[in-house]
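Here's the structure we're looking at; comments come further down.
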Amino acid sequence: MADYLISPVWILAGPEVGLKDAFIADIIAKARQLGGDEPEVQRIYAGDSSPSDAIALLQNNSLFSPWVIVEFRNADQISQKTDIDAMVKYCSSPAEQAVLLLETENYSVPKAIEKVVPPSCRKTFFELFENELAGWIRRELSQSRLSIDEDALESFLELVPHDTNSLKAACLILSASFPPGGMLGASDVEAAILRSKPEDAFTLFEKIAQGDLSLSLEVLNSVLDSRRGDANQIIAALVWSFRRLARIGEAVANGERFEDVCIREQARSKTVQRQLRSGLDHYKPEDCRRIISALSETEAAIRGPLGSAFDRQLLHLLIISIITQKGEGLALAGWSERGLYPQFTN
């Protein structure tokens with residue numbers, strides 16, 4: 001492959017999407033520079049497209065672009081022998097002025113393909129180590145002349161996923177929210193980042209923890225409408241949240257300090273702790289256990305023969321039951337005994 005202006009085949013593995021995207025952007029920029037025009041960039045996914053589709057794109061020169069770049073994502077899912085053989089054959093004799101990027105968030109692609117790609121063209125992008133995160137965030141914020149104190153940094157890392165794409169997006173939010181030269185505290189970081197987050201199942205738990213029925217139902221509808229979570233995912237998140245709330249409530253009842261328990265439960269940010277305090281004000285550990293049973297019963301109903309057609313209605317009834325009756329409403333009252341939803345309990 002030494003005769004090629006750009007190495008024509010790369011294996012790009014690992015979970016660190018941000019650094020991987022930056023590397024791909026550099027390849028696209030180099031192709032643009034060499035060709036004097038925008039390269040044609042195609043992104044396809046294993047499962048939706050076959051390796052032969054990617055190969056056809058690479059081998060058929062573009063009429064409008066001097067270079068063709070194909071990102072073949074989820075390449076670890078190439079499993080059929082014919083597909084592997086086709087990819088091995090192409091990688092052994094790739095097209096000119098074409099670049100194939102075999103991408104995976106795992107750490108490898110089929111061994112037969114790896115063997116025909118030079119080690120210099122196989123890269124693994126690891127997530128930043130814990131001891132690298134703080135420096136990365138401080139450097140990113142310093143470009144906007146912002147500083148961040150230790151408590152704020154801890155809140156930042158609790159609220160934001162640790163891949164560089166998510167970290168960079170959060171830094172941009174902070175840069176847009178505060179004037180240059182400021183020192184950001186935990187409350188600043190939490191307010192800006194939480195305000196920018198889309199509604200999800202954990203936002204729903206926050207509203208439930210506050211005992212706010214109308215806002216809870218509003219958030220539930222928003223999550224379902226936006227497809228940021230289906231009924232089963234919402235229930236799973238609520239079960240996790242109420243289990244954690246029950247553990248915290250039991251530990252506090254046994255004499256432990258609330259703050260110490262929160263640290264053990266990886267709930268360090270002041271905003272999350274305020275949410276949990278609000279939850280403890282509304283729900284005792286026995287309430288949480290009853291609510292978890294109601295969540296499980298609702299999940300079973302949704303998985304039933306007609307449940308998927310009425311998942312929104314069932315979730316509405318569930319939320320009403322949780323907030324108004326601590327799980328003792330329709331869901332847990334015994335649908336089969338009362339005959340409320342016989343089609344779900346037969």
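Bear in mind that the values in this text are calculations on the coordinates, not laboratory data. Only a predicted model underlies this, so the values are computations on that prediction, with no experimental measurement involved. Cβ: placed from backbone, ideal geometry, glycine included. Neighbour counts: every protein chain shown.
Given the options Asp76, Asp26, Asp48, which has the most mean-square fluctuation in a GNM of the chain, springs set between C-alpha atoms less than 10 angstrom apart?
Between Asp76, Asp26, Asp48, it is Asp48 that shows the largest mean-square fluctuation.
Return the distance in nm (one decimal) between the two label points of a simple spin-label model at Glu218 and Ala22, each offset 7 Å from Cα along Cα→Cβ.
Simple spin-label model gives 4.0 nm for this pair.
Subtracting the Cα-Cα distance from 0.36 nm times the residue separation, let me have the gained length for Leu194 to Arg257 in nm, one decimal.
Answer, rounded to one decimal: 20.1 nm.
Kindly provide the chymotrypsin sites (Phe, Trp or Tyr not before Pro) of the range 82-157 that DSSP labels as loop, not H, G, I, E or B, and whose Cβ sees at most 12 other Cβ atoms within 10 Å. Before the final figure, lay out each step's value.
Working: sites: Tyr90, Tyr107, Phe125, Phe126, Phe129, Trp136, Phe156; in loops: Tyr107, Phe125, Phe126, Phe129.
Here the chymotrypsin sites (Phe, Trp or Tyr not before Pro) that fit, given the DSSP loop and packing criteria, are Tyr107, Phe126, Phe129.
Considering the dipole of the range 130-196 built from charges on the beta carbon (Lys and Arg +1, Asp and Glu -1) around the Cα centre, which of Pro180, Ile137, Ala191 is farthest to its positive end?
Pro180
Give me a comma-separated list of calculated 3J(HN,Hα) values for the range 266-283, in order, Karplus coefficients 6.51, -1.76, 1.60 applied at θ = phi - 60°, integers in Hz, x for any Gly or Pro.
6, 10, 8, 5, 5, 5, 5, 5, 5, 4, 5, 4, 4, x, 5, 5, 9, 9
Over the Cα atoms of the range 158-268, Rg to Rh with Kirkwood Rh, two decimal places? Walk me through the intermediate numbers first.
Details: Rg = 16.3 Å, Rh = 16.1 Å.
With Rg and the Kirkwood Rh in hand, the quotient comes to 1.01.
Hey, can you grab everything whose amide H is under 5 Å from the amide H of Gln42? Only 5+ residues off in sequence or another chain; H modelled, so Pro and N-termini drop out.
HN-HN under 5 Å from Gln42: Ile69, Val70, Glu71.
Restricted to Cα positions, what overall size does the range 210-268 have along the principal axes? Three whole-Å values, descending.
Cα extents, longest axis first: 42, 21, 17 Å.
Taking amide H positions as placed in the peptide plane 1.01 Å from N, state which residues far from Val9 in sequence (5 or more) or on other chains have amide H under 5 Å from it.
Leu100
If you plug each phi of the range 43-55 into the Karplus form 6.51 cos²θ - 1.76 cosθ + 1.60 with θ = phi - 60°, what whole-Hz ³J(HN,Hα) values come out, in order, with x for Gly and Pro?
10, 10, 10, 4, x, 8, 9, 9, x, 5, 5, 5, 5
Along the three principal axes, how long is the chain when you take its alpha carbons, biggest first, rounded to the nearest angstrom?
Per principal axis, max minus min of the Cα coordinates gives 73, 59, 34 Å.
Placing one identical point scatterer on every Cα of the range 9-124 and ignoring solvent, what is log10 I(q)/I(0) from the Debye formula at q = 0.09, 0.13, 0.16, 0.18 Å⁻¹?
Cα-only, vacuum Debye calculation for the range 9-124: -0.21, -0.45, -0.69, -0.89.
For Asp230 and Ser120 in the same chain, what is the full-extension length gain: residue separation times 0.36 nm, less their Cα-Cα distance, in nm? List each step's numbers first, then the result.
Values: separation 110, 0.36 × 110 = 39.60 nm, distance 4.23 nm.
Contour length minus the Cα-Cα distance gives 35.4 nm.
Gap in Å between the Cα centre of the range 53-74 and the Cα centre of the range 109-144?
25
Quick one: which residues, 5 or more positions from Glu103 or on another chain, have an amide H under 5 Å from its amide H? H modelled 1.01 Å from N in the peptide plane, none for Pro or chain starts.
It is Leu12, Phe72, Arg73, Asn74, Ala75, by chain and number.
Add -39500 (n - 2.57) for each DSSP H run of 4 or more in the chain, then divide by its residues: what number comes out at 222 nm, to the nearest 500 deg cm²/dmol? It would help to have the intermediate numbers written out before the result.
Numbers: 18 runs with 204 residues, N = 346.
Computed ellipticity for the chain at 222 nm equals -18000 deg cm²/dmol.
HN-Hα J couplings of the range 113-120 from phi, Karplus 6.51/-1.76/1.60, θ = phi - 60°, integer Hz, Gly and Pro as x?
Whole-Hz 3J(HN,Hα) from phi for the range 113-120: 6, 4, 5, 9, 10, x, x, 5.
Which residue, Phe126, Ala246, Gln42, has the largest displacement toward the positive end of the dipole of the chain when charges sit on each Cβ (Lys, Arg +1; Asp, Glu -1)?
With unit charges placed on the Cβ atoms, the residue in question is Ala246.
Using the Cα centre as the reference, give the magnitude of the dipole from point charges on the C-beta atoms of the chain (Lys, Arg: +1; Asp, Glu: -1; all else neutral), rounded to the nearest 20 debye.
On the way: 36 positive and 49 negative charges, 66 e Å.
Here the chain has a charge dipole of around 320 debye.
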